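K.L.:
Input: one structure, supplied below.
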Amino acid sequence: MGTHVIKMPDIGEGIAEVELSVWHVKVGDMVVEDQVLADVMTDKAMVDIPSPVHGKVIALGGQPGEVMAVGSVLISIEVEGAGNVKESAQPAPVKEVPVAAPKVEAVMESKPVAAPAPKAAVCQGPMVARAADERPLASPAVRKHALDLGIQLRLVRGSGPAGRVLHEDLDTYLAQGQSNASTVSSGYTQRTDEQQIPVIGMRRKIAQRMQDATQRAAHFSYVEEIDVTAVEELRAHLNEKHGATRGKLTLLPFLVRALVVALRDFPQINARYDDEAQVITRLGAVHVGIATQADIGLMVPVVRHAEARSLWDNAAEISRLATAARNGKASRDELSGSSITLTSLGALGGIVSTPVLNLPEVAIVGVNKIVERPMVIKGQIVIRKMMNLSSSFDHRVVDGMDAALFIQAIRGLLEQPATLFVE
Amino acid sequence: MQTLNTTLLIIGGGPGGYVTAIRAGQLGIPTILVEGQSLGGTCLNIGCIPSKALIHVAEQFHQTRHHHQLSPLGISVSAPTLDITKSVEWKDGIVDRLTTGVAALLKKNKVQVIQGWAKVVDGKTVDVGDTRIQCEHLVLATGSKSVNLPMLPIGGPIISSTEALAPTSVPKRLIVVGGGYIGLELGIAYRKLGAEVSVVEAQERILPAYDAELTQPVHDELRKLGVKLYLKHSVQGFDSKENTLQVLAPNGATLNLETDQVLVAVGRKPNTQGWNLEALNLDMNGSSIKIDHRCQTSMRNVYAIGDLSGEPMLAHRAMAQGEMVAELISGKSREFNPTAIAAVCFTDPELVVVGKTPDEANAAGLDCIVSSFPFAANGRAMTLESKSGFVRVVARRDNHVIVGWQAVGVGVSELSTAFAQSLEMGARLEDIGGTIHAHPTLGEAVQEAALRALGHALHL
């Protein structure tokens, strides 16, 4: 018998620490080769850590929410044979003692809710379902306490005689965090229940980045309305003609193309501002970040070298990246390195938004919804498809005039879509 | 017009209303209570308390007469006489003490009591005389009234329970219309005070709300006391010249029963008239206001409690509802979900029902053990000269959880506490069987009933 130690792997270049998101195993579990042990998170990517061996988990190196140094012990597995401890570069022999808490920077006293391993379906929890009309056996004091706590007594397992619900059962139920306080029947009931959600993992990353962006950058927003009737007609025409063979186009690849063309004249907007080094890096390449809502939160996969892609290339790449991001399959490379960001909520785009910059970029272009409006053209009221662009710029390094001219250039391109493709 | 503003306004100062007010006061809710008559409502003034006082007088007088005639206890007294005026004064003294007590409790809890008849304007506005009260929460607690019979309008020899509780003399003959608990409590008391009492009941048994086994000891006692029963008889009318009550016998014949007074005790109905309840247009449940398990009516922040919200019309239910509503208004999460509400008849012998009867358990589809223990085998009952009656328990066969208690016998009203407690705590037969009950008490019959259900009663 030996011990196989898995260390926190180096997932991306230059990353010194990684956040442990979720354990999929617990001490005592038998694991097989390739079974996913844990999810860890870097800047934006969620990475599965598979087991390279068969064996039994003997120690976990951290708790969900902890930020662990790359190279610290993630998990120890008891294996047949010698294990890898001796081969380890750092010959620290692993003893029975719980793996000395790996160099962990506990960012906050996060009391992680013991996320129950979803795969281990051991349901001996305190949860129990009674028939809707079955009255749970409980003393008046327990019933009152349950009301105070917002617990539906019906769902609590009673450990007392004849299944009587005791005060201890309420404690157990609460400890398991399975309060169903949210399922109160009457819509007008005053509610006093609260839910505490630890800000860890992806949410913590998003929170940090948003706070960082709004604290550091001098946000300046600019909204312009654009007549998209012509570009929508072109899009419909292209979809009709080539949709079957080349795939359907959304408006996004047109917007990406408009950015690419407009940015040729506005190099100060396709840039990254390193405010610590006080250097602005202007990029020739246009790497367009596409803000995407995934289950775990906001992600920004990047269409690389949009300037070198055709309309359909861009469309396919946007679609592939969005799917990957939503499924948590986007790689770290695909989630970083953008030079400008495009954010669109589609039909939910609203009239105006105030996007937050994706630092260190200096511009983000927000797309609002398309609506038909009566417009006055040459003294005539006509129905046109109108869409607003709500964009934010880092006013520290982008002047208002430049920003306005940039958006006007985009408007010109989209209103005369042929110019998008004239070289 | 003067306008008052408050958080909570309660209409009615009976057990429901005043308890709501006290609890609201404790919770720091600014509260106004409007009462048109006397604090304490029906319960303290013309119901529970005065009737128990009169029953006590009747019992003492009856016992003394019993000793005068032939006392096995060896007591001999000369023939007792009764000064009913003094009896009523004594009863009024108790009522005064209690209603003054309620007033003091309300004052202590900073509840503003406004004397007068409320008139609802809308769900947040009530007028009392030329005072307008604006509130955030409105609790309706106007109680109930005696049901009248159209052919027997109250007046002269036709009386309701209110008049029966304040007699100026004991009638020679009294006919009680209605064999429910109010009619029987008062009928038995009047019999013991010396009146010749008959009871007319349309159904085939007295206390038709309870099962025959349970009511049999009361039936036997009525016969022993010489109360005449006209079962399956219905009232036709009253001839005030002849002082006769016409009743229709089951065989179709009309009987003319001579009497001095007729007590109409055919039930109570929610008091929904005369205070402009119509303004709220609330959903009704028959003649009572429809409420949910938080006593909320169909209008937001308007609550109805007690008799106004329907059966069971019991003071202790109203009080519990009131307490809950006050806590609800203070922001707590509450619901009214008692396991059982005890019902007690202060007849002779007394009768208690808590939780499910065997019939109700059956109807609910429960497989139950039903077991009873007779007071004939209880030492304490014998020393009280009481041999009739029993304690009965209903428990689930699968897990022995007790779902109901019934008892009939002298003094069993006090057992209601133990019964309700065991149901609320979810006791099993073994819990009651395993609790040492003091000897010699009537309570031993409670333990023995549980033991007998388990197949090993000790004293039977």
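The values are calculated or read from the model by the stated rules, or taken from the named source; none is laboratory data. All values derive from a computational prediction rather than experimental measurement. Ideal geometry is used to build each Cβ from the backbone, glycine not excepted, and the neighbour counts take in all protein chains shown. When the accessible area is computed, the model is the full protein with side chains, heavy atoms only, and any ligands, DNA or RNA have been set aside. Shrake-Rupley method; radii C 1.70, N 1.55, O 1.52, S 1.80 Å.
K.L.:
Which percent, to the nearest 5, of DSSP beta bridges fully inside the stretch A:205-421 are antiparallel? Mind showing how you got there, number by number?
P.N.:
On the way: 32 of 39 bridges.
The antiparallel fraction comes to roughly 80 percent.
K.L.:
To one decimal place, what Kirkwood hydrodynamic radius in Å is obtained for the protein assembly as shown from all pairs of distinct Cα atoms?
P.N.:
On the way: mean 1/r = 0.0283 Å⁻¹.
For the protein assembly as shown, the Kirkwood estimate is 35.3 Å.
K.L.:
For the stretch B:1-85, what number results from the quotient of the Cα radius of gyration and 2.2 N^0.38 Å? All intermediate terms of the calculation are to be shown ahead of the outcome.
P.N.:
Details: Rg = 22.2 Å, N = 85, 2.2 N^0.38 = 11.9 Å.
Working it through for the stretch B:1-85, the quotient is 1.87.
K.L.:
Just tell me which aspartates and glutamates come within less than 15 Å, Cα to Cα, of residue A:7; anything on the same chain fewer than 8 places away is out.
P.N.:
Cross-link targets: A:17, A:19, A:39, A:48, A:66, A:78, A:87.
K.L.:
For the protein assembly as shown, with the dipole built from +1 on Lys and Arg beta-carbon atoms and -1 on Asp and Glu ones, taken about the Cα centre, which of A:303, A:58, B:158 lies farthest toward the positive end?
P.N.:
Positive-end residue among those listed: B:158.
K.L.:
Let me ask you something else. List the residues of the stretch A:143-158 for which accessible area in the full set of protein chains is at least 10 Å² lower than for the chain on its own; 1.4 Å probe, protein heavy atoms only.
P.N.:
Checking the loss per residue gives A:143, A:144, A:147, A:148.
K.L.:
Something else: Under a straight-distance cross-link criterion of Cα-Cα below 23 Å, which lysines are reachable from residue B:290, leaving out those fewer than 8 residues away in the same chain?
P.N.:
B:119, B:124, B:145, B:269, B:332
K.L.:
While we're on this one: With n ≥ 4 as the cut-off for DSSP H runs, can you work out [θ] at 222 nm for the protein assembly as shown, using -39500 (n - 2.57) per run divided by the number of residues, rounded to the nearest 500?
P.N.:
Values: 20 runs with 244 residues, N = 883.
Helix-only estimate at 222 nm: -8500 deg cm²/dmol.
K.L.:
Beyond 26 Å, what share of the Cα-Cα pairs of the stretch A:286-423 is found? Please give it as a whole percent. Before the final figure, lay out the partial values.
P.N.:
Values: 2734 of 9453 pairs.
When all Cα pairs of the stretch A:286-423 are counted, 29 percent exceed 26 Å.
K.L.:
What ranking of B:117, B:90 comes out by heavy-atom accessible area, probe 1.4 Å, highest first? Kindly include the intermediate steps, with their values, before the conclusion.
P.N.:
On the way: B:117 170, B:90 115 Å².
Ranking B:117, B:90 by accessible area, largest first, yields B:117, B:90.
K.L.:
Using a Förster distance of 60 angstrom, determine the FRET efficiency expected from the C-beta separation of residue B:216 and residue A:215, and round it to 0.05. Could the numbers behind the result be given before it?
P.N.:
Values: r = 85 Å, r/R0 = 1.41.
In this case the efficiency is close to 0.10.
K.L.:
When we measure straight from the Cα of residue B:241, which aspartates and glutamates land under 12 angstrom away, once same-chain ones fewer than 8 places off are left out?
P.N.:
Within the straight-line limit of under 12 Å, residue B:241 reaches these aspartates and glutamates: B:258, B:260.
K.L.:
Moving to a separate point now. Using the heavy atoms of the protein chains alone and a 1.4 angstrom probe, what is the accessible area of the stretch A:221-278 per residue in square angstrom? Before the final figure, lay out the partial values.
P.N.:
Details: 2780 Å² over 58 residues.
Here the residues of the stretch A:221-278 average 48 Å² of exposed surface.
K.L.:
So if I average 1/r over every pair of distinct C-alpha atoms in chain B and take the inverse, what Kirkwood radius in Å does that give?
P.N.:
23.9 Å
K.L.:
With no solvent and one equal point scatterer placed on each C-alpha of the stretch B:225-290, evaluate the Debye formula and give log10 I(q)/I(0) for q = 0.19, 0.29 Å⁻¹, two decimals.
P.N.:
So the normalised log intensities are -0.80, -1.35.
K.L.:
Peptides A:398-405, B:422-429, A:144-151: what's the order by average Cβ count within 10 Å, highest mean first?
P.N.:
Numbers: A:398-405: 15.2, B:422-429: 22.2, A:144-151: 18.8.
Put in order of decreasing packing, that is B:422-429, A:144-151, A:398-405.
K.L.:
For the stretch B:11-55, what log10 I(q)/I(0) values come out of the Debye formula at q = 0.13, 0.16, 0.27 1/Å, with one point per alpha carbon and no solvent?
P.N.:
-0.32, -0.46, -0.88
K.L.:
Counting protein heavy atoms only and a 1.4 angstrom probe, how many square angstrom of accessible surface do chains B and A bury in total, to the nearest 100? Before the final figure, lay out the partial values.
P.N.:
Values: alone 21180 and 23200 Å², together 42810 Å².
When B and A are taken together, about 1600 Å² of accessible area is lost.
K.L.:
Rank B:446, A:392, A:221 by how far each Cα sits towards the positive end of the charge dipole of the protein assembly as shown (+1 on Lys, Arg Cβ; -1 on Asp, Glu Cβ) and give me just the farthest.
P.N.:
B:446
K.L.:
With +1 on the Cβ of every Lys and Arg and -1 on the Cβ of every Asp and Glu, and nothing else charged, how large is the dipole of the protein assembly as shown about its Cα centre, in debye rounded to the nearest 20?
P.N.:
Working: 82 positive and 93 negative charges, 213 e Å.
It comes to approximately 1020 debye.
K.L.:
Continuing with the same structure: May I ask you to give the percent of accessible area on the stretch B:342-454 that is carbon plus sulfur, with a probe radius of 1.4 Å?
P.N.:
Roughly 53 percent, rounded to a whole number.
K.L.:
To continue, here is another question. Using a 1.4 Å probe and ignoring any ligands, DNA or RNA, find the accessible area of residue A:30 and quote it in Å² to the nearest 10.
P.N.:
For residue A:30, solvent-accessible area is about 130 Å².
K.L.:
Choose one of B:36, A:253, A:151: the residue whose Cα lies farthest towards the positive end of the charge dipole of the protein assembly as shown (beta-carbon charges +1 Lys, Arg; -1 Asp, Glu; about the Cα centre).
P.N.:
Value computed over the given set: B:36.
K.L.:
A further question follows. How long, wide and thick is the stretch B:341-460, going by the Cα atoms along their three principal axes, in whole angstroms, largest first?
P.N.:
That gives 39, 29, 21 Å along the principal axes, largest extent first.
K.L.:
Using only alpha carbon pairs under 8 Å that are at least six residues apart, calculate the relative contact order of chain B and give it in whole percent.
P.N.:
On the way: 991 pairs, mean separation 66.5, N = 460.
Answer for chain B is 14 percent.
K.L.:
Take peptides B:66-79, A:410-423, A:348-361 and line them up by average Cβ neighbours within 10 Å, highest first, as a rough protection proxy.
P.N.:
On the way: B:66-79: 10.6, A:410-423: 15.4, A:348-361: 17.9.
Highest mean packing first, the order is A:348-361, A:410-423, B:66-79.
K.L.:
How high is the relative contact order of the stretch A:205-421, in percent, counting Cα pairs under 8 Å that sit 6 or more residues apart?
P.N.:
On the way: 416 pairs, mean separation 64.6, N = 217.
Worked out over the stretch A:205-421, it gives 30 percent.
K.L.:
Give me the residues in the stretch B:308-351 whose solvent-accessible area, probe 1.4 Å, is reduced by at least 50 Å² once all protein chains are included instead of the chain isolated.
P.N.:
B:333, B:334, B:337
K.L.:
Ignoring ligands, DNA and RNA, what percent of the accessible area of the stretch A:172-307 is carbon or sulfur (1.4 Å)?
P.N.:
On the way: 3590 of 7480 Å².
That fraction is 48 percent.
K.L.:
Can you tell me the accessible area per residue over the stretch B:158-266, all protein chains present, probe 1.4 angstrom, in square angstrom? Intermediate values should be presented prior to the final figure.
P.N.:
Values: 4620 Å² over 109 residues.
Heavy-atom SASA per residue in the stretch B:158-266 reads 42 Å².
K.L.:
Compute the Cα gyration tensor for the stretch B:158-266, then decide on rounded, prolate or oblate, letting a ≥ b ≥ c be the square roots of its eigenvalues: rounded whenever a/c is under 1.5, prolate when a/b is larger than b/c in the other cases, and oblate in all that remain. Please list the in-between numbers first.
P.N.:
Numbers: a/c = 1.74, a/b = 1.12, b/c = 1.55.
Note, shape of the stretch B:158-266 comes out oblate.
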